[in-house]
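The values are calculated or read from the model by the stated rules, or taken from the named source; none is laboratory data. Owing to the predicted nature of the structure, the values given are computational and were not obtained by experimental measurement. When we count neighbours, we look across all protein chains shown, and the Cβ atoms used for this are built from the backbone with ideal geometry, even at glycine. Calculation scope for accessible area: heavy atoms of the full protein, side chains included, ligands and nucleic acids excluded. Shrake-Rupley method; radii C 1.70, N 1.55, O 1.52, S 1.80 Å.
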Amino acid sequence: MPTDEKPRGGMFSSLRTRNYRLYASGQVVSLIGVWMQRVAQDWLVLQLSNGSPVALGIAVALQFAPTLVLSLWAGVLADRLDKRRFLIVLQAALGLCGLTLGLLDVTGVVRLWHVYLLCLILGMFAAVETPVRQSFAVEMVGKAQVTNAVALNSMTFNIARILGPAIAGVMINWIGTGWVFLVNGASFAGVITGLALMNPAELFRSKPVPRGRGQLREGLRYVRQRADLVVVMVLAFGVSTFGLNFHSTLAVISRNEFHGDASLYGTLSMVLAVGTLSGAVMAARRSGKGRPRQRLLIGGAMAFGVLEIITGFMPDPWSMGALLVLTGAAALTFTTVSNAIVQLSVAPEMRGRVMGLYMLVFLGGNPVGSPLMGWVAEHWGPRSPVWLGGTISLLFALVCGIVLIRRGGVRLPVRRLVRLRVLTRK
């Protein structure tokens with residue numbers, strides 16, 4: 001087993017590790033397909049439901065609902081099992097879901113309940129896969145490089161987020177949604193191949209936790225005793241449940257507010273991804289400067305809330321697109337920092353369970369938030385979930401920031417401000 005080294009400099013330092021290179025290259029292919037499917041799935045639901053925001057919210061809720069039940073147990077399994085082999089099985093299952101929906105669609109037999117059912121099945125596999133994949137990052141590169149790896153994962157995610165919606169928008173208009181699902185199902189071969197070609201001897205594995213009673217409760221107690229982790233979890237819940245709602249709101253805004261087609265939805269998703277990619281690049285550049293600070297966590301969440309509020313009031317697609325770039329950068333700063341703080345501040349034998357809880361609070365609110373925001377869009381207008389989500393995110397950031405300041409976890413730059421006043425008076 002290799003040993004951790006000091007952090008190596010450079011924006012792409014994690015790519016020096018062969019196992020991570022294989023993983024990242026496979027992820028690019030797979031994630032492009034995933035984002036293509038997300039756009040196609042949203043558009044298909046709107047077509048089958050005559051443009052109902054509530055129907056779209058239900059589809060999103062079904063996809064994320066299994067997180068509430070399965071993510072904590074997935075964290076326990078991540079601490080017990082060989083993560084690489086487990087991920088191969090889960091990726092294959094996710095690919096089959098895409099192929100099934102594609103076949104139903106291209107043959108013309110798809111109905112709304114088919115989409116709902118496959119959203120639920122896909123969500124079950126994803127609820128297990130996400131904590132395992134998140135906790136596998138440190139095994140590929142070691143603790144010294146995990147911040148950089150998280151940032152590069154975000155870059156990969158957002159490169160796919162730029163390319164996927166753009167490709168999907170063109171494909172939907174040319175040949176329909178069904179072929180998009182089939183392409184996504186086939187794209188999982190990329191990440192499966194990367195995982196299969198890894199050298200297990202070069203992984204930074206922690207000792208597997210033996211099977212035993214009370215391991216889930218043990219993980220919950222561990223987090224409960226860590227006030228710093230509790231604040232991160234609460235803030236992640238608030239921002240992700242109410243603020244990070246673009247997967248459903250942009251489709252409704254494109255169709256019902258701006259009266260556009262799938263290409264407009266793909267374009268707005270793409271410019272949002274440009275912003276998040278910019279945030280990922282900045283996070284990768286900062287990754288060699290030590291552990292991320294909680295001040296950056298709070299600042300990123302506050303900036304995201306303010307920018308999302310402004311975005312919700314933009315009068316046309318072009319001005320909204322410009323604000324989405326800035327909003328995406330702030331959102332990515334927050335999500336990267338929160339993920340890295342959790343990964344770096346927990347004991348290795350607890351990482352799977354803690355990441356399972358983190359993904360529960362980060363994704364588990366969507367079954368509540370998505371239908372709620374769909375109801376808000378239907379009664380208050382298509383834009384309302386955006387500015388309302390930004391307002392709620394800002395309030396969560398302010399409250400969590402006050403808690404951290406009172407506990408001494410965040411220090412305000414008071415001395416610098418005093419020095420600046422003295423210099424200006426002179």
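Each eigenvalue of the Cα gyration tensor of region 9-90, multiplied by 5 and square-rooted, gives one semi-axis; in descending order these are 32, 20, 11 Å.
Scalar couplings 3J(HN,Hα) for region 45-59, obtained by applying the Karplus form with A = 6.51, B = -1.76, C = 1.60 to θ = phi - 60°, are 4, 5, 5, 6, 10, 6, x, 7, x, 5, 4, 5, x, 5, 4 Hz; x denotes Gly and Pro. Per residue, the solvent-accessible area of the chain (1.4 Å probe, heavy atoms of protein chains only, all protein chains present) comes to 43 Å².
Once both labels are positioned 7 Å from their Cα atoms along Cα-to-Cβ, the gap between ASN199 and SER263 label points is 4.9 nm. Dipole size of region 132-225 about its Cα centre, with +1 on Lys/Arg Cβ and -1 on Asp/Glu Cβ: approximately 600 debye, rounded to the nearest 20.
Per-residue surface analysis assigns TYR265 an accessible area of about 10 Å², computed on protein heavy atoms at 1.4 Å probe radius.
For the pair VAL54 and ARG80, label points projected 7 Å from Cα toward Cβ lie 4.1 nm apart. Here the gap between PHE313 and LEU117, fully extended at 0.36 nm per residue and compared with their Cα-Cα distance, gives a gain of 67.1 nm.
Each Cα pair under 8 Å and six or more residues apart adds its sequence gap; the mean of these over the residue count of the chain is a relative contact order of 28 percent. Relative to the current alpha-carbon distance between ILE405 and VAL109, full extension at 0.36 nm per residue lengthens the span by 100.9 nm.
Placing +1 on the Cβ of every Lys and Arg and -1 on the Cβ of every Asp and Glu, with nothing else charged, gives region 26-184 a dipole about its Cα centre of roughly 200 debye. Per-residue SASA remark: MET36, around 10 Å² accessible (1.4 Å probe; ligands, DNA and RNA not included).
Carbon-plus-sulfur accessible fraction, region 229-341 (probe radius 1.4 Å, protein heavy atoms only): 68%. Comparing mean-square fluctuations of VAL150, VAL54, VAL109 from a GNM of the chain with C-alpha springs under 10 Å, the top value falls on VAL109.
Pick from GLY214, GLY142, GLY98: which residue has the top mean-square fluctuation in a GNM of the chain where Cα pairs under 10 Å get a spring? Residue with maximal mean-square fluctuation among GLY214, GLY142, GLY98: GLY214.
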